[in-house]
Amino acid sequence: MKILLLGGKGQLGQTISKVLDKKFDLKILTNLKDDQNYCDISNKQSIIKIFEEFSPEVVINAAAFTDVERSEIYRDKANQVNNLSLEEISNQCLKKNSTLIHFSTDYVYGGNTKGFNSETDIAYPINYYGVTKLNGEKKIVRSNCKFIILRLSWVYSSYKKNNFVLKIIEKIKRKDNITITNNEIGSITSTHFIAKKIEKILFFLEDKNVSVKEIFNLCPSLPSNRVEIVNTLINRLIKDNKKNHLMKGKVYMSKNVNNSYLAKRPINSKMNTSKFSSYFNEKIESWEEDLENFIITNNINV
Ligand SMILES: NC(=O)c1ccc[n+]([C@@H]2O[C@H](COP(=O)([O-])OP(=O)(O)OC[C@H]3O[C@@H](n4cnc5c(N)ncnc54)[C@H](OP(=O)(O)O)[C@@H]3O)[C@@H](O)[C@H]2O)c1
């Protein structure tokens, strides 16, 4: 199966490259200007050229403008990458009969409800990043190409230093105080968890030879608030190792996430993933299992 990966140097792009390597005919494009596989997804001519040269059966788009705060300031740039670029990418997918696997976000949900957000709920983003991601989804859906849109949440990896999990691990290591909010609920999701689900989707597409045009929520099960996540990390990395004395910093809770940021954050990012698990017949692991796997495979200790 010929697969084109856009955004190959992002945290998810790098993990997908690693997981799919040697299992598929994979062409990886990056936005590093001196790379021979450079491709700016907002440049229509570059997109047309790569589709002509490679004729992918599947396109995985891991390229995006992902800085939620800077999206409020650099609105044109965020809109260009997350929304307008999808016009040509999905047109080319339609023309070449390729399936587009694209990533969206829990931030398309407003997060004011109590229960789990479902794909059938009306999306009403409360920050500009969420608006651009939702508009990008709409461009794909309207293009009539084959697509699988995965709405992800709270993504982390060892590749990107400013994700929530790595920032907390660093603070634990440095014995710094930790300040977190106690009112956001969601699921931290490792890029490895997502990449393994992509692998499963690709095998599914190969086996069943079906046309899919669906949006799915995708994150580990059993969501929690940030306090539980921090406590789990502290217990796992310090207390379990009988290094109690190493935890010198204190954990502080700032009451409301929306006191701290320019871009508003949804309070409730819990996502119902039953559509994904039944469609692909796939077990969804808990965020604790996913985190434990991340700690072991990356040999993380303090
Ligand atoms: N991170 C999260 O918590 C989170 C949560 C929900 C959903 N998602 C979604 O998951 C996907 C993957 O995110 P990620 O966490 O892997 O983000 P990431 O690490 O920021 O990766 C995105 C990559 O796209 C590149 N890029 C930006 N503009 C581009 C352009 N015009 N052409 C080509 N590449 C471009 C970025 O380069 P630069 O770094 O040089 O800008 C970066 O390498 C995105 O669609 C994101 O919206 C992420």
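The figures follow:
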| read-out | value |
| --- | --- |
| Matching option when the condition is assigned to a loop (DSSP other than H, G, I, E, B), touching a Lys or Arg at 6+ places or on another chain (Cβ under 8 Å) and of a type in the set (A, V, I, L, M, F, W, C), among 122, 126 | 126 |
| Segments classed as strands (runs of 3 or more DSSP E), wholly inside region 1-99, with at least 2 members that are touching a Lys or Arg at 6+ places or on another chain (Cβ under 8 Å) and surrounded by 15 or more Cβ atoms within 10 Å (Cβ to Cβ) | 2-6 |
| Subset of region 142-178 [among the hydrophobic types (A, V, I, L, M, F, W, C) and within 12 Å of the chain's Cα centre (by Cα)] | 149, 150, 152, 154, 155 |
| Residue list for region 146-186, restricted to those being within 14 Å of the ligand (Cβ to nearest atom), without any contact (Cβ under 8 Å) to a residue 24 or more places away in the chain and not aliphatic (A, V, I, L, M) | 161, 162, 167 |
| Pairs where the first residue, in region 205-219, is more than 17 Å from residue 189 (Cβ to Cβ) and the second is part of a helix (DSSP H, G or I), C-beta under 8 Å, 6+ apart | 212/205; 213/141; 214/275; 214/279 |
| Residue ID - modelled with the lowest pLDDT, chosen from residues in region 97-133 that are charged (D, E, K, R) and touching a strand residue (DSSP E or B) at 6+ places or on another chain (Cβ under 9 Å) | 114 |
| Residues satisfying the stated conditions in region 119-130, i.e. within 16 Å of the ligand (Cβ to nearest atom) and either touching a Ser or Thr at 6+ places or on another chain (Cβ under 8 Å) or closer than 23 Å to residue 212 by Cα (or both) | 119, 123, 127, 128, 129, 130 |
| Matching residues, region 95-118, being within 15 Å of the ligand (Cβ to nearest atom) and in contact with an Asp or Glu (Cβ under 9 Å, 6 or more places away or on another chain) | 102, 104, 108, 109, 111, 117 |
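The values are calculated or read from the model by the stated rules, or taken from the named source; none is laboratory data. Model, not experiment: these values are computed from the prediction. Positions of Cβ are generated from backbone atoms using ideal geometry, with glycine treated the same way; all protein chains shown enter the neighbour counts.
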